[in-house]
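Data block below; observations after.
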Amino acid sequence: MLSGILGKKVGMTHVFTEEGKNIPVTVIQAGPVYVTQIKTVETDGYNAIQVGYEEMSDKHLTFPKHGHLKKAGVTTNLRHMAEFRVDSTDGFELGQEIKVDIFGEGENVDLTAKSKGRGFAGGVKRHHFKGQHMTHGFMTHRRPNSSGATGPQRVFKGTKKPGHMGDAQITQKGSRIVGLDAERNLIWVSGSVPGAPDGLVRVTKAGK
């Protein structure tokens, strides 16, 4: 069985449990995905299944991707490609369709997505710096002060300074599947998911 699937973030809502508890959830349109390549230890050095997701028009399909899909016997134009490691490739075949029924309600999953881009941000917003006083003659307020030691005469890598905020890959671990709809390929996961609506989300079984 495949350890994960690709999907798109739809948005947030809430559901009520049988005990009457209100749980905030994120809806993910997951799959179906199609097997586009089977990698084995003999040919690639490891076992993995490559899948494609989300239909696209012919004009946006590149020639290399067209040839790759044609070789796999997939007639649908697919926008995104990703691979998942497996212990064995037995039971998989090119062009095979995989849906959300590989997961179960109550199962824990890891969610990987790209966070929203915030543009250029200062230290207070980007790193939650406290900032200086607004009174008593302080002139710096929200500006960063020292850049570090003067001896090396350089700024060390990793120093927290103003810069590009967001637009980074984030993995959120341990989210619980609250509900499934196999007919509509929908997954309800507890809590929030990184990224904007319609953003690509990689859903993986926890610990895989």
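The table below gives the values:
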{"item": "Elements of type strands (runs of 3 or more DSSP E) contained in segment 1-81, each with 3 or more residues being in the same structural domain as Gly179 (by TED's automatic domain parsing) and of a type in the set (Phe, Trp, Tyr)", "result": "none"}
{"item": "Residue within segment 144-158 that is surrounded by 13 or more Cβ atoms within 10 Å (Cβ to Cβ) and either at pLDDT 90 or above or within 30 Å of Tyr34 (Cβ to Cβ) (or both) present", "result": "no"}
{"item": "Total residues in segment 160-183, condition surrounded by 11 or more Cβ atoms within 10 Å (Cβ to Cβ) and more than 21 Å from Thr204 (Cβ to Cβ)", "result": "8"}
{"item": "Residue in segment 198-208 that is in contact with a helix residue (DSSP H, G or I) (Cβ under 9 Å, 6 or more places away or on another chain), of a type outside the set (Gly, Ala, Ser) and touching a residue at least 24 places away in the same chain (Cβ under 8 Å) present", "result": "yes"}
{"item": "Qualifying residue in segment 113-126 (condition: charged (D, E, K, R) and within 16 Å of the chain's Cα centre (by Cα))", "result": "yes"}
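Residues checked against (1) free of Cβ contacts under 8 Å to residues at least 12 places away in the same chain; (2) out of contact with any strand residue (DSSP E or B) (no Cβ under 8 Å at 6 or more places or on another chain); (3) more than 19 Å from Asp181 (Cα to Cα):
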| site | (1), (2), (3) |
| --- | --- |
| Gly7 | no, no, no |
| Thr13 | no, no, no |
| Glu18 | yes, yes, no |
| Thr40 | no, yes, yes |
| Asp58 | no, yes, yes |
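So that you can scan it fast, the table gives a plain yes or no per residue for (1) touching a strand residue (DSSP E or B) at 6+ places or on another chain (Cβ under 8 Å); (2) part of a loop (DSSP other than H, G, I, E, B); (3) of a type in the set (Asp, Glu):
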| position | (1), (2), (3) |
| --- | --- |
| His136 | no, yes, no |
| Thr140 | no, yes, no |
| Arg143 | no, yes, no |
| Thr150 | no, yes, no |
| Arg154 | no, yes, no |
| His164 | yes, no, no |
| Ile170 | yes, no, no |
| Gly174 | yes, no, no |
| Pro197 | yes, yes, no |
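The values are calculated or read from the model by the stated rules, or taken from the named source; none is laboratory data. If you're wondering where the values come from, they're calculated on a predicted model, not measured in any experiment. For neighbour counting, all protein chains shown are included, and Cβ atoms are generated from backbone atoms with ideal geometry for every residue, glycine included.
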